[in-house]
Amino acid sequence: MRHSTLRQLEVFEAIARLKSFTRAAEELFLTQPTVSMQVKKLTEEIGLPLFEQVGKKIYLTDAGEELYRTCLGIFDHFSRFEMIASDMKGLKSGKLRLAVVTTAKYFVPRLLGMFCQKYPGIDVALKVTNREHILERLTGNQDDLYILGQIPDAVDAVAEIFLDNQLVVLASADHPLATEKKIPIKRICDEPFIMREPGSGTRIATELFFSKHNKKLKVRMELGSNEAIKQTVAGRLGIAVLSRHTLALDAQIGQLAILDVEGFPIERHWYFAYSSGKQLSIVAQTFLSYLRQANNLLDNMTCRHMTSGHCPLLENETSIRSGGEASV
Ligand code: PGA
């Protein structure tokens, strides 16, 4: 056991948590053979099987369950030590583990760019995934901070609003509704609709809006990416509801129109959050204070002043300079 490396334990922990070799390999930016090899070595070292496969599903054996608990304890101790060490060094160095929902990737990297310019010694690990997975990570206290839409009451977390998030109805620029004003909600339900995947916050808010108005959308397609949805809308396959932030960096913005629909935009907010009882590092606290000014920082970079019609290409874009890993 003493020869097992921290990397092997990290690989094991990811598989045990995600119940998938493939998803663990993706999360750790490793190939699947590398992941399998690390688990094989660890299993040989321990001398007991850690996983068992029934059909396509992976389960932890009793030894696996015990090791999983041990791993969580080890990683927790390490991250506490990292926090103490970086607090000792002040803001000269340190790590910020940030996990954000898919849609937040349109503005978070720009905020991070500016933050990292101010504090060049800070290393940022940015995880981008949908709302459902962010809530799982928040419940498991896997990162320092989270950025997401409203948090369910059942989740034990500290949360604060720091930015507005308007959801708008998008259509292709030459769509017949693009020039109409005050389009009734029921008219939107006649159009083929392109929906985000289950687990997405955008989807939950959209479904809630239409069900509150006793209306049912004609969903033609479900896609797990805002970019793919915009391409599909521009390709005239349907209309969609997405955050206005998704338009912020769009080079082909001229191909899309924001429709003037009754009841829209849906007013949502971006929250930052962390697990209740978590002791934030100095780096995380500094990033929180920085996020509280996000409205001013992003003011010139988004299409927030557009209400309908085409959104012009943005000027003054800031390039992304944040360090660390990023994944979608
Ligand atoms: P999503 O979340 O990117 O998972 O849709 C966005 C939101 O909660 O508004």
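Grab the Cα-Cα distance for THR139 and LYS92, subtract it from 0.36 nm times how many residues apart they are, and report the gain in nm with one decimal. It would help to have the intermediate numbers written out before the result.
Values: separation 47, 0.36 × 47 = 16.92 nm, distance 2.97 nm.
Extending this stretch completely gives an extra 13.9 nm.
Using θ = phi - 60° and the Karplus curve 6.51 cos²θ - 1.76 cosθ + 1.60, what whole-Hz ³J(HN,Hα) does each residue of segment 26-40 get, with Gly and Pro shown as x?
Running phi through 6.51 cos²θ - 1.76 cosθ + 1.60 with θ = phi - 60° gives 4, 4, 8, 6, 10, 7, 5, x, 5, 4, 4, 5, 4, 5, 4 Hz.
Please state, to two decimals, what the Cα-based radius of gyration of segment 6-73 comes to when divided by 2.2 N^0.38 Å (N = residues). Present the calculation step by step, with values, prior to reporting the outcome.
Working: Rg = 10.8 Å, N = 68, 2.2 N^0.38 = 10.9 Å.
Ratio of Rg to 2.2 N^0.38 Å for segment 6-73: 0.99.
With a 1.4 Å probe and all protein chains left in place, how much accessible area per residue does segment 6-73 have, in Å²?
Details: 3920 Å² over 68 residues.
Per-residue value: 58 Å².
Need the full-extension length gain, ILE46 to GLU82, defined as separation in residues times 0.36 nm minus the C-alpha distance. One decimal, nm. Present the calculation step by step, with values, prior to reporting the outcome.
On the way: separation 36, 0.36 × 36 = 12.96 nm, distance 2.76 nm.
Using 0.36 nm per residue and subtracting the Cα-Cα distance, I get 10.2 nm.
What residues have an amide H closer than 5 Å to that of ASN165, excluding those fewer than 5 places away on the same chain, when H is modeled at 1.01 Å from N in the peptide plane?
ARG268, HIS269, TRP270
I need the semi-axes of the equivalent ellipsoid of the chain: take the C-alpha gyration tensor, multiply each eigenvalue by 5, square-root it, list largest first in whole angstrom. Walk me through the numbers on the way to the answer.
Values: eigenvalues 308, 124, 57 Å².
Semi-axis lengths for the chain are 39, 25, 17 Å.
Pop out the carbon and sulfur fraction of the accessible area of segment 6-73 as a percent, whole number, probe 1.4 Å. It would help to have the intermediate numbers written out before the result.
Values: 2190 of 3920 Å².
With neighbouring chains kept in place, the figure for segment 6-73 is 56 percent.
How large is ³J(HN,Hα) for each residue in segment 205-212, as worked out from phi by the Karplus curve 6.51 cos²θ - 1.76 cosθ + 1.60 (θ = phi - 60°), to whole Hz, x for Gly and Pro?
Coupling constants for segment 205-212: 5, 5, 4, 4, 4, 6, 6, 4 Hz.
Using +1 at the C-beta of Lys and Arg and -1 at the C-beta of Asp and Glu, which of LEU50, LEU167, LEU6 has the Cα lying farthest in the positive direction of the dipole of the chain?
Most positive-ward Cα: LEU167.
Would you mind computing, in nm to one decimal, how far apart the modelled labels at GLU26 and ILE204 are, each placed 7 Å from Cα along Cα→Cβ?
Distance between the two pseudo-spin positions: 2.0 nm.
Grab the beta carbon distance between CYS189 and ASP156, set R0 = 22 Å, and tell me the FRET efficiency rounded to 0.05. Walk me through the intermediate numbers first.
Values: r = 38 Å, r/R0 = 1.71.
Efficiency at R0 = 22 Å is approximately 0.05.
Restricting attention to segment 106-204, which trypsin sites (Lys or Arg not before Pro) occupy a DSSP loop and are surrounded by at most 12 other Cβ atoms within 10 Å? Present the calculation step by step, with values, prior to reporting the outcome.
Numbers: sites: ARG110, LYS118, LYS127, ARG131, ARG137, LYS181, LYS182, LYS186, ARG187, ARG196, ARG203; in loops: LYS181, LYS182.
Answer by residue number: LYS181, LYS182.
Which one, GLN38, PRO152, VAL124, is farthest towards the positive end of the dipole of the chain when Lys and Arg carry +1 and Asp and Glu -1 on their Cβ?
In the chain, that residue is PRO152.
Averaging sequence separations of C-alpha pairs under 8 Å and six or more residues apart, then dividing by the length of segment 179-269, give the relative contact order as a whole percent.
Numbers: 99 pairs, mean separation 37.2, N = 91.
Normalised by residue count, the contact order of segment 179-269 is 41 percent.
Once label points are set 7 Å from the Cα along Cα→Cβ at both GLU227 and GLN279, what is their separation, rounded to one decimal in nm?
Modelled inter-label distance: 4.0 nm.
Set the Förster radius R0 to 22 Å, insert the Cβ-Cβ distance between MET37 and ALA63 as r into 1/(1 + (r/R0)^6), and round the FRET efficiency to 0.05. Show your work: numbers first, answer last.
Details: r = 19 Å, r/R0 = 0.87.
It comes out at approximately 0.70.
State which entries of LYS19/LYS40; LYS92/LYS278; LYS19/LYS230; LYS127/LYS212 exceed 25 angstrom in Cα-Cα distance in the structure shown.
Numbers: LYS19/LYS40 16 Å; LYS92/LYS278 22 Å; LYS19/LYS230 32 Å; LYS127/LYS212 33 Å.
Over 25 Å apart, Cα to Cα: LYS19/LYS230; LYS127/LYS212.
Do any GluC sites (Glu not before Pro) in segment 184-260 lie in a DSSP loop with no more than 12 other beta carbon atoms within 10 Å, and if so, which?
Of the GluC sites (Glu not before Pro), not one in the loops of segment 184-260 has a Cβ with at most 12 other Cβ atoms within 10 Å.
For the pair LYS212 and PHE75, what calculated FRET efficiency results from E = 1/(1 + (r/R0)^6), where r is the Cβ-Cβ distance and R0 = 51 Å, to the nearest 0.05? Write down the numbers at each step before the final one.
Working: r = 42 Å, r/R0 = 0.83.
For R0 = 51 Å, the calculated efficiency reads 0.75.
Please give the charge dipole size of the chain, origin at the Cα centre, charges +1 on K and R Cβ atoms and -1 on D and E Cβ atoms. Round to the nearest 20 debye.
On the way: 40 positive and 38 negative charges, 76 e Å.
Computed charge dipole of the chain: roughly 360 debye.
With both bridge residues required to lie in the chain, what share of the DSSP beta bridges run antiparallel, to the nearest 5%?
Working: 26 of 46 bridges.
Percentage antiparallel, nearest 5: 55.
The values are calculated or read from the model by the stated rules, or taken from the named source; none is laboratory data. The shown structure was predicted, so the numbers you read here are calculated from the model rather than taken from an experiment. Heads up, the Cβs are rebuilt from the backbone with ideal geometry, glycines too, and the neighbour counts pull from every protein chain shown. Please note that ligands, DNA and RNA were not included when accessible areas were found on the heavy atoms of the full protein model with its side chains. Shrake-Rupley method; radii C 1.70, N 1.55, O 1.52, S 1.80 Å.
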